[in-house]
Structures are given as C-alpha cells and as structure tokens.
Amino acid sequence: MLLLTLETSCDETSAAVVRDGRHVLSNVIASQVDLHAKYGGVVPELASRRHLETINPVVEEALSAAGIGLEDLDGLAVTRGPGLVGALLVGLSFAKALAYGRGLPLVGVHHIEGHILAIQLEDSVAYPYLALAVSGGHTHLFRVDGIGQYRLLGRTVDDAAGEAFDKVAKMLGLGYPGGPIIDRLAAEGEPGDIRFPRPLLKKDTLNFSFSGVKTSVLNFLHKESKPPIGERLSAVAAAFQEAVVDVLTQKAFRAARNEGLERIVVAGGVACNRGLRRRFQEMAGPEGVKVWFPSPVLCSDNAAMLAVAADEYLLRGVQSGPELNAVSSWPLENAGQGLG
Ligand code: KG4
Ligand code: ZN
C-alpha cells in the first residue's frame, strides 16, 4: 500500500510517501524555524499561514521525490492532533479535499503515536516496549503493546522537557529553538561545581516536573555577577542538560523495570539530544535493556512517522470521514481507533 502522509501540527510542514508502512520513498520537511525565531517561540497564527503557503509545494516535492503521481496512491494519512488547531486544520483540510477528490481512504493519526512508532521505519522493534516521548509539547512514558495499544505510565506535571530546553536557552540569550543550541554548548563543557535539582527523581512516581529546574537556572543566573559567557556558559548548559537527562533516563529505566520490559524506544525532538542518547546507551547494558533512537530526521516532526500506524489502520478498515476534525489535546490511550 502506497500512502501519502501529512503533518502540520506545529512549525514544520511535512509530506511523505511511504510504502507498506515501512519503506520511506520521500519525507519532505519545510521548517518554519526562521519565521518564529525572532519571537522566541512558535506564533500560532503565523504558523497556520505559512503551512497554507507551503503545503502544496511540499506535497508536490514529496510525490516527485518518490517518483510517483497522485494516481499511484492507495491512501492518505494526516496528523489530527494534538497540536495547534489552526496549523492542524491546514493539513486536515488538504487531506480531506484530496481524499474526496481522488476517492482515497483517509485516516487521522495521533501525533505522539507517530513519534513512538517512527522507529519501525528503520528497525523492526518487537512489541511490547517502553516509549519515552520527549518533545516540545510532551514528556510521556507509555507502554506500547502494539499499534493502537498504549498505556500511559507517567507524564510531566508542568513543562515538557523540550519546552524547558527552549526556555532555558531563552534565559541564556541563545535563540530558538534552544534544544540543539544547549546540546552543542553542553558537548563543549562540564558542569563543574554547578548542579541543578532533579525534581521528583527520588519520589515514587513516574511523573516528571521540569519547571523547577528552569527556575533554578533563573535563580542561579540572578546570583551570578555577570551573564555567563564562554566556558561558564557551556558549564551552565551542561549542568542543565545533565539534570534533565538524569531524570529522563532514570525514570524510563525504572518504568521498564516495573513493567518487565526489555526494550525502550526514545522518540520526539529531544531524542536528538546527544547527551541523552549517550546516557541511555551507557545504562542499557547494566540494566539488561536494549534502547532504540530513531535517526534525528525521524525524531523531530515529520510526516513519514505517521505511516506506521496509518498503514495498519487502513489495512484493517479504520478510516476517517469528512467529519474528521483537529483536536488540540487527545489522550494517546484513545488514539487506537478500535485496534487497542
Ligand atoms: O518533536 P518536535 O520536533 O516537535 C514537537 O512535537 O514538539 O520537538 C521539538 C523540541 C523543541 O523543544 C526542541 O528544542 C527540542 O525538541 N530539541 C532538542 C534537540 N533537538 C530538538 N532538545 C534537546 N537537544 C536537542 N538536540
Ligand atoms: Zn512532535
């Protein structure tokens, strides 16, 4: 089955062509980072307008890079949510019009479902596994028993990890998005005598909290005699990243242990982080657990990741009708669309 998938939930306009929910023929991603950078974050209205301007050329490029035409498609998938409603609606309207016009089946897919199944495009990871979905909007631990079968084990009670990276980068005057910049700085330095708290780490919960780490960085900066530069800046970045990485890895391994799971998949934009990847791999051996990270292009927002679930849904007759609408929040446990 040859699917065209569309993702417009935030600040990336993406279209992909994927065969059989496994083979990526094209995965075109038009980032809006430049548009939002001067505001220090995503401006929803600007995001929607840019998606509108970009979606047509992005779809055309995806089809031509895959060497196919619309007549070759067997179905369509689109991110239904969670995300910015105005942004989601661009992808949804496009997909619905195309489905109606070409008589193609369409399915709406959960954004996080896309992230936590993206690894299947590169490696056949057997179910069940523990998924850590860690992005700008999510920091969630799920037990994944198969496509459409997800159980929430823990989540952030305040900021998402990516949000904390972005806010701390802003405090340090580093630009947007902050995650990759902090990652780069942290690689050049050591925390030295700087240490930030690891909220909820010792508590008997699989939930996370990152707003306290962010406040600690702010308090630390207030106490410094001058804004950190050079080595001091790298040390702050390294200390902040280490605190976040510590909490994410230890909770993920604890969750896997509790559930008796031997496989962990880390997904979402923050899964690009090199410090996080290193720590997971270091702990994997001693914990007797195997850890997978998708390639960076499949960690951050992209349309190809939707195809794993979409292919299965469409094969099993799960389809969305013209009433399909965007949702800003949508618990992943309800995303199974009858397969769960
Ligand atoms: O999954 P994603 O592309 O979009 C959302 O669904 O949110 O994730 C974006 C988030 C941003 O907060 C960004 O700063 C963060 O992922 N991010 C990183 C890195 N690359 C992207 N955070 C830490 N280290 C990175 N290398
Ligand atoms: Zn995402």
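The values are calculated or read from the model by the stated rules, or taken from the named source; none is laboratory data. Keep in mind it's a predicted model, so treat the numbers as computed, not measured. Virtual Cβ from ideal backbone geometry, glycine too; neighbours counted across all protein chains shown. Each accessible area value is taken on the protein alone, full model and side chains, heavy atoms only, with ligands, DNA and RNA left out. Shrake-Rupley method; radii C 1.70, N 1.55, O 1.52, S 1.80 Å.
Observations on the structure shown:
- Measure of compaction for region 124-293 (Cα Rg per 2.2 N^0.38 Å): 1.03
- Area of T205 that stays accessible when all protein chains are in place (1.4 Å probe, Å², to 10): 40
- Secondary-structure-derived ellipticity at 222 nm for the chain, considering helices only, amounts to -13500 deg cm²/dmol, per-run term -39500 (n - 2.57) for DSSP H runs with n ≥ 4.
- Local charge for Q337 was computed over the other residues whose Cβ lies under 11 Å away, with Lys and Arg +1 and Asp and Glu -1, and equals 0.
- Between E224 and D204, the distance separating the two model label sites (each 7 Å from Cα on the Cα→Cβ line) works out to 4.0 nm.
- When the C-alpha to C-alpha distance is required to be over 26 Å, the pairs from K38/K223; K214/K251; K167/K223; K38/K251; K170/K290; K251/K290 that qualify are K38/K223; K38/K251; K170/K290.
- Among 103-112, 267-276, 140-149, the order from most to least packed when residues are scored by Cβ within 10 Å on average: 267-276, 103-112, 140-149
- Taking the 1.4 Å solvent-accessible surface of the chain as the whole, the part contributed by carbon and sulfur is 50%.
- P(r) of region 253-332 over all Cα-Cα pairs, binned every 5 Å from zero, in whole percent: 3, 12, 15, 18, 17, 15, 10, 6, 3, 1, 0
- Dipole of the chain [Lys/Arg +1, Asp/Glu -1 at C-beta], most positive-end residue of S300, P331, G260: G260
- Take every pair of alpha-carbon atoms less than 8 Å apart whose residues are at least six positions apart; their mean separation over the length of region 184-340 yields a relative contact order of 20 percent.
- Size descriptor, Kirkwood hydrodynamic radius, that averages inverse alpha-carbon separations across region 284-329, Å: 14.0
- Computed log10 I(q)/I(0) for region 1-148 at 0.11, 0.19 Å⁻¹: -0.43, -1.21, from the Debye equation with unit scatterers placed on every C-alpha and solvent omitted.
- Each semi-axis of the equivalent ellipsoid for the chain is √(5λ) with λ an eigenvalue of the Cα gyration tensor; in descending order they amount to 35, 23, 16 Å.
- When you count the other C-beta atoms within 10 angstrom of each residue and take the mean per peptide, 129-137, 215-223 line up highest first as 129-137, 215-223.
- For region 1-38, the residues whose amide N sits under 14 Å from a probe point set 7 Å from the Cα of L70 along the beta carbon direction are 4.
- Probing with 1.4 Å while keeping every protein chain in the model, the per residue accessible area of the chain equals 41 Å².
- 15 Å tail of the calculated P(r), region 65-139, as % of Cα pairs: 66
- Taking the convex hull of Cα positions in region 204-340, its mean projected area over all directions (nm²): 12.2
- Assuming charge only on the beta carbon of Lys and Arg (+1) and of Asp and Glu (-1), the dipole of region 124-293 about its Cα centre is about 180 debye to the nearest 20.
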